[in-house]
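We did not get these values from a lab; they are worked out from the coordinates using the rules stated. Please read all numbers here as calculations on a predicted model, not as lab measurements. No Cβ is skipped: glycine too gets one built from the backbone with ideal geometry, and neighbour counts run over all protein chains shown.
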Amino acid sequence: MRSWAASPNRAYTTVSTHVDGGRTKLHLRRGASLAPLKAQGMEPVARKIFKGVLLLEVAGLAGAYLLFYRMDTNQDFRHTMNKRFPSILEVYYKSNEWAGVHGIREKDQLKWLSSKN
């Protein structure tokens, strides 16, 4: 099996392998080393994975902030969240109570009960 690998500072390097009696032998030509081949192959993949994970984390934080902002400014949205995702609304109420903002839950319940009557 023969493959060609490009190195930024060198001409193309020939790498060939063959199996001899159950052992794989690697032959490098023109004074090449394995270090540039391994670094070139793994570094971009690791960078892409890191960038992808970082992008997902930033998107998750932005989504959580937008959800909190919408619940904080819109009582009708909180009512919708109460119907569809009551556990998320409970986290919103608990986080506000933990931060020292009390009375939001009671105001919402009063409005929702008065709108039913």
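Contact annotation: residue pairs with Cβ atoms under 9 Å, 6 or more positions apart or on different chains, pairing a residue in the range 78-92 that is under 16 Å from ILE104 (Cβ atoms) with a partner that is small (Gly, Ala, Ser), are HIS79/SER115. When the range 56-69 is filtered for residues that are loosely packed, with under 13 Cβ neighbours inside 10 Å and not acidic (Asp, Glu), the ones remaining, listed by number, are LEU56, VAL58, ALA59, GLY60, LEU61, ALA62, GLY63, ALA64, TYR65, LEU66, TYR69.
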